[in-house]
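Please treat every number below as a calculation from the coordinates, not as lab data. All of these numbers come straight from a predicted model, not from anything done at the bench. As a convention, Cβ positions derive from the backbone with ideal geometry for all residues, glycine included, and neighbour counts pool all protein chains shown.
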Amino acid sequence: MDEFTLIERLIAPVAGSRADVCLGIGDDGAVVRPPPGEALVLVLDTLVEAVHFPRGFPPGDIGYRSAATNLSDLAAMGATPLWATLGLTLPQPDVEWVRAFMAGLQAALAPHEVQLVGGDTTRGPLCLSLQLTGSVPESLALRRNGARPGDRLFVSGFLGDAAAALASLSMPEPMPPGAHYLRERFARPTARVGLGQALRGLATSCIDISDGLLGDIGHLLAYSACGADLRVDHLPLSPALVELLDADTALAHALSGGDDYELCFTLPPATPPAVVGALRQHCAVTEIGLITTERGQLQLRDANGPVTPPGPTGYRHFP
């Protein structure tokens, strides 16, 4: 099957349909109509075999993850997802692989009514780049640079599950039930799009946790020119993580493991409990610390005092 037949038969039929797409797949470029009065937000993630997912990983899960990672970036900006473009590099035109990949991609994009409007396919090592475009009222876009001393630090969901899932790949069969849950969290993470939109006008700063909590908080603090006290004994850990791992390993994954795609955000100190409660209607939200005046200083504490971070502080592609 050549490139054009692959696009016509396997990709275009599941691209989706939106009224604001004037011209989608099939031409040299897509023509779209931006929402009136809103600014566009563009995000892009590249996934490479053996770097972002193991060799032989199910194609449906690769498709789903490629969408979820981008949706998470839009969530961190408070944006509404709109359109997607896909760059797909394949060693060979494997029809069943592409069909399963597209099914996974569509499963992640369809709930947000995202339409695939174009892209490119080529031959080479397995790699894909997905770009999503969203929109947000310009004055309400969430950013990394708004945290101020006294702000309260929060995270969504559970931390450390994805890193533990990768570690579980070496577990012999049969795996304990919790390992299956962790692997599902890695394969098909939940992008917190609804929470991101609910944080518009409330959060002073926001970032998604893709490279590990410590590393991503570090980015937020650098952009905001402040520090933070982090209560490690307040970090939200899933029952499966606690059941499968000892306390130190679980904490290390929660602090430094990547690929959770949860949101880390700050709220003003006087934010009413009812507002935090309303945010929890979207997903679990946990307060984990406080923003301080010490620029760039991230202090880890528990009930007994300062804590030394176990292991690295986050993932880097180029150490």
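Some points to look at:
- For region 15-122, the relative contact order is 39 percent, taking Cα pairs closer than 8 Å that sit 6 or more residues apart in sequence and dividing their mean separation by the residue count.
- If R0 is 22 Å, the Cβ-Cβ spacing of ASP94 and LEU44 corresponds to a FRET efficiency of close to 0.35.
- The chain: DSSP helices with Cα axial extent of at least 20 Å and average Kyte-Doolittle hydropathy no lower than -1.0: 59-76, 95-109
- Correct option for P(r) over Cα pairs in 20 Å bins from 0, in percent [calculated from the coordinates] among (1) 30, 60, 10, 0; (2) 32, 56, 13, 0; (3) 29, 55, 16, 1: (2)
- Relative contact order, percent, the chain [alpha-carbon distance under 8 Å, six or more residues apart]: 22
- Highest GNM mean-square fluctuation among THR46, THR133, THR308, for the chain modelled with Cα contacts below 10 Å: THR308.
- Evaluated over the Cα positions of region 152-306, the convex hull gives a direction-averaged projected area, one quarter of its surface, of 9.3 nm².
- Ellipticity estimate at 222 nm from DSSP helix runs (n ≥ 4, -39,500 (n - 2.57)) divided over the chain, nearest 500: -8500 deg cm²/dmol
- Residue with peak Gaussian network fluctuation, the chain [Cα springs, cutoff 10 Å], from GLN92, GLN197, GLN115: GLN92
- In percent, rounded to a whole number, the relative contact order of region 225-309 is 64, using alpha-carbon pairs under 8 Å and six or more apart.
- Computed label-point distance, nm, for sites ARG123 and VAL14 using a 7 Å Cα→Cβ extension: 2.4
- Of the residues ASN70, ASN304, ASN145, the one that moves most in a GNM of the chain with alpha-carbon contacts below 10 Å is ASN304.
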